[in-house]
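One structure is given here, and the rest of the page talks about it.
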């Protein structure tokens with residue numbers, strides 16, 4: 001009888017283990033399928049849901065069935081409270097935030113993941129088994145996974161917080177050639193410190209626990225210094241890069257706990273994130289190395305252009321010009337988004353269409369603050385998907401266009417990208433606005449764009465400026481056209 | 001050399017998973033149109049929230065007060081990453097869905 005009980009216990013023991021591993025397998029498959037579906041507009045939303053289901057499954061089965069050295073998960077009450085708090089806060093922030101603030105939000109959540117990974121390493125370090133250290137010294141895969149998880153997670157956390165601050169306009173850039181050397185120096189110190197800890201040999205872990213806090217501090221400083229000099233237009237690339245960092249940090253946890261869901265999920269994001277980073281760089285015609293070490297903007301300050309005069313246009317002239325055009329192309333930029341003018345812009349577009357004018361939108365791949373950001377913003381205002389044309393497809397059409405209306409965009413229409421090899425944005429594909437018959441630029445003032453580069457499209461003979469807040473100007477313009 | 005080979009053998013299964021996942025990640029992403037870069041980044045961001053499993057495990061075996069506090073914090077932050085990430089991605093993609101649309105492929 002006793003025997004039977006032991007056998008059943010053993011069976012149930014392996015059964016829960018099997019269920020856990022099976023659910024991790026299903027979760028991994030859902031992550032992969034979800035990510036694949038996310039890369040197609042038709043299936044993207046379902047893909048996101050699939051990945052979320054995989055995550056919920058992995059979390060629930062971990063709480064129920066996970067065992068470490070035969071011990072089930074304890075502190076379940078606290079864990080559930082923590083999850084509830086995280087869910088409420090995360091859900092509220094995610095639902096409330098404005099679409100224009102999307103990039104910094106992604107950065108914020110990314111930082112949370114990085115911090116979580118770093119905390120795990122922080123707690124696992126004192127628990128490194130004495131037997132392991134006695135046998136192999138500190139030079140082993142377990143210690144390496146802990147240290148790398150800590151460093152990568154901390155860098156991702158600190159860097160994401162700086163990126164968040166920058167995109168939110170709370171933190172400025174530090175652009176100094178000195179930062180490059182400071183960063184290289186810090187990186188050497190971080191790597192050196194990891195090597196130092198791993199070569200300590202047979203030590204007592206509790207005697208060297210303080211070392212992990214020193215490493216944490218250095219990694220945080222490096223994360224800050226890493227993002228500090230990177231400016232303006234390159235921030236989305238940095239967020240994408242930090243995103244893949246956090247993926248790798250999560251995968252380190254997978255090594256630590258021999259956990260396949262963390263391993264596949266983390267590495268998948270790590271590699272996909274890296275490719276995404278490279279794709280974004282390509283869209284802006286910049287190399288990743290350039291983004292990381294080269295200070296954007298600032299450079300090429302000595303450029304001299306034949307500066308013509310700025311010519312303004314009155315609202316009524318602009319209204320007449322638009323009203324009697326056949327083909328109008330709107331080039332929206334971040335200025336449109338911050339003014340929350342996407343709805344009134346769509347009104348203008350509908351009004352013109354009702355008068356027989358053909359209206360299209362030229363969407364630059366990096367319009368807004370992130371690739372695809374502008375599409376999200378215009379979709380929010382119900383602008384039909386078919387009217388959003390990617391810049392490379394609309395450029396051949398621009399010479400036949402009567403008016404190009406540039407609303408709060410700057411760098412993406414800057415001809416310097418085509419003409420001026422000394423310009424930091426030289427080679428970046430642009431919306432070739434100057435090819436159109438007339439150009440109207442709506443701008444708040446003569447300030448430079450996000451990349452802080454002079455834009456001599458504004459001095460072009462065909463260009464007329466319409467100064468003011470995009471929303472107010474558009475509203476006035478719509479009223480003016482209605483009266484014609 | 002001997003040591004490296006020993007480590008490789010010891011961790012061979014995980015190394016296989018890692019190497020294959022790297023290629024899988026590259027393969028899965030490589031055809032994405034630029035308009036989906038932002039939602040994709042956001043979705044991937046939510047997926048690395050899988051780090052929460054580690055946080056749950058470490059919290060589940062925490063004994064000292066310090067470990068409890070840190071573990072609690074790790075679970076909260078991990079949940080923020082997961083929930084915030086998925087919800088924000090869904091919100092973004094919801095906007096693409098309102099109107100029937102054509103495929104845009106580069």
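Does residue B:60 meet the test of being at the interface with chain A (Cβ under 7 Å from one of its Cβ atoms), over 24 Å from residue A:103 (Cα atoms) and over 16 Å from the mean Cα position of the chain (by Cα)? It is true that residue B:60 is at the interface with chain A (Cβ under 7 Å from one of its Cβ atoms), over 24 Å from residue A:103 (Cα atoms) and over 16 Å from the mean Cα position of the chain (by Cα). Looking at the stretch A:383-404, is at least one residue touching a helix residue (DSSP H, G or I) at 6+ places or on another chain (Cβ under 6 Å), under 21 Å from residue A:338 (Cα atoms), more than 14 Å from every other protein chain (Cβ to nearest Cβ) and at pLDDT 80 or above? Yes; the residues of the stretch A:383-404 include at least one that is touching a helix residue (DSSP H, G or I) at 6+ places or on another chain (Cβ under 6 Å), under 21 Å from residue A:338 (Cα atoms), more than 14 Å from every other protein chain (Cβ to nearest Cβ) and at pLDDT 80 or above. For the stretch A:272-283, check the following and say yes or no: at least one residue is more than 15 Å from the chain's Cα centre (by Cα) and more than 8 Å from chain B (Cβ to nearest Cβ). Within the stretch A:272-283, one or more residues are more than 15 Å from the chain's Cα centre (by Cα) and more than 8 Å from chain B (Cβ to nearest Cβ). On the stretch given as the stretch A:339-359, residues that are closer than 30 Å to residue A:235 by Cβ, in a helix (DSSP H, G or I) and in contact (Cβ under 8 Å) with a residue 60 or more places away in the chain total 3. Read through the list (1) within 21 Å of the chain's Cα centre (by Cα); (2) buried (at least 19 other Cβ atoms within 10 Å of the Cβ), then give the number of the only condition that residue B:96 fails. Every listed condition holds for residue B:96 apart from (1). Here residue A:368 meets the list (1) touching a helix residue (DSSP H, G or I) at 6+ places or on another chain (Cβ under 7 Å); (2) buried (at least 24 other Cβ atoms within 10 Å of the Cβ); (3) at pLDDT 90 or above almost entirely, failing just condition (3). Screening residue A:133 with (1) within 30 Å of residue B:39 (Cβ to Cβ); (2) in the same structural domain as residue A:239 (by TED's automatic domain parsing) gives one miss only, at (1).
Quick grid of which residues meet (1) in a loop (DSSP other than H, G, I, E, B); (2) under 25 Å from residue A:356 (Cα atoms); (3) more than 24 Å from the chain's Cα centre (by Cα):
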site	(1), (2), (3)
A:406	no, yes, yes
A:422	yes, no, yes
A:429	yes, no, no
A:434	no, yes, yes
A:442	no, yes, yes
A:461	yes, no, yes
A:473	no, yes, yes
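Within the option set A:362, A:409, A:379, being surrounded by 24 or more Cβ atoms within 10 Å (Cβ to Cβ), at pLDDT below 90, within 14 Å of chain B (Cβ to nearest Cβ) and under 21 Å from residue A:236 (Cα atoms) holds for one residue only, A:379.
So, restricting to helices (runs of 4 or more DSSP H) that lie completely within the stretch B:1-61, which ones have at least 2 residues that are closer than 22 Å to residue A:235 by Cβ, at pLDDT 90 or above and out of contact with any strand residue (DSSP E or B) (no Cβ under 6 Å at 6 or more places or on another chain)? Reasoning before the result, please.
Details: elements: B:2-10, B:12-29, B:37-47, B:51-60.
It comes to B:37-47.
For the stretch A:56-66, the tally of residues that are more than 7 Å from chain B (Cβ to nearest Cβ) and under 10 Å from residue A:20 (Cα atoms) stands at 5.
With the requirement that a residue be surrounded by fewer than 16 Cβ atoms within 10 Å (Cβ to Cβ) and either more than 7 Å from chain B (Cβ to nearest Cβ) or out of contact with any helix residue (DSSP H, G or I) (no Cβ under 8 Å at 6 or more places or on another chain) (or both), what does the stretch A:86-100 give you? Within the stretch A:86-100, A:88, A:92, A:96, A:98 meet the criteria. Given the condition modelled with pLDDT of 90 or more, surrounded by fewer than 17 Cβ atoms within 10 Å (Cβ to Cβ) and either out of contact with any helix residue (DSSP H, G or I) (no Cβ under 6 Å at 6 or more places or on another chain) or part of a helix (DSSP H, G or I) (or both), answer yes or no: does some residue in the stretch A:166-186 qualify? Among the residues of the stretch A:166-186, at least one is modelled with pLDDT of 90 or more, surrounded by fewer than 17 Cβ atoms within 10 Å (Cβ to Cβ) and either out of contact with any helix residue (DSSP H, G or I) (no Cβ under 6 Å at 6 or more places or on another chain) or part of a helix (DSSP H, G or I) (or both), which makes the answer yes. Would you check which residues across the stretch A:27-45 are surrounded by fewer than 22 Cβ atoms within 10 Å (Cβ to Cβ), in contact (Cβ under 8 Å) with a residue 12 or more places away in the chain and either in contact with a helix residue (DSSP H, G or I) (Cβ under 7 Å, 6 or more places away or on another chain) or farther than 17 Å from residue B:27 by Cα (or both) and list them? Passing the criteria: A:33, A:37. Determine whether the stretch B:72-80 contains at least one residue that is in contact with a helix residue (DSSP H, G or I) (Cβ under 9 Å, 6 or more places away or on another chain), free of Cβ contacts under 8 Å to residues at least 40 places away in the same chain, farther than 22 Å from residue A:252 by Cα and at the interface with chain A (Cβ under 7 Å from one of its Cβ atoms). Looking through the stretch B:72-80, none of the residues is in contact with a helix residue (DSSP H, G or I) (Cβ under 9 Å, 6 or more places away or on another chain), free of Cβ contacts under 8 Å to residues at least 40 places away in the same chain, farther than 22 Å from residue A:252 by Cα and at the interface with chain A (Cβ under 7 Å from one of its Cβ atoms). Quick one: residue B:96 ticks every box in (1) more than 7 Å from every other protein chain (Cβ to nearest Cβ); (2) at pLDDT below 90; (3) part of a helix (DSSP H, G or I) except a single one, so which number is it? Every condition holds for residue B:96 apart from (1).
Taking the stretch A:187-204 as the range and being assigned to a helix (DSSP H, G or I) and at pLDDT below 85 as the test, no residue passes. Mind checking whether some residue in the stretch A:223-241 is at pLDDT 90 or above and closer than 23 Å to residue B:23 by Cβ? Within the stretch A:223-241 (the criterion being at pLDDT 90 or above and closer than 23 Å to residue B:23 by Cβ), the answer is yes, since at least one residue qualifies.
Consider residue A:210 carefully, then state whether it is at pLDDT 90 or above, more than 12 Å from chain B (Cβ to nearest Cβ) and under 16 Å from residue A:125 (Cα atoms). Yes: the conditions hold for residue A:210.
In the set (1) at the interface with chain A (Cβ under 7 Å from one of its Cβ atoms); (2) surrounded by fewer than 24 Cβ atoms within 10 Å (Cβ to Cβ); (3) without any contact (Cβ under 8 Å) to a residue 60 or more places away in the chain; (4) closer than 27 Å to residue A:376 by Cβ, the condition left unmet by residue B:34 is number (3).
The values are calculated or read from the model by the stated rules, or taken from the named source; none is laboratory data. Quick caveat, the model's predicted, so the values are computed rather than measured. So basically every Cβ, Gly included, is an ideal-geometry build from the backbone, and we count neighbours across all protein chains shown.
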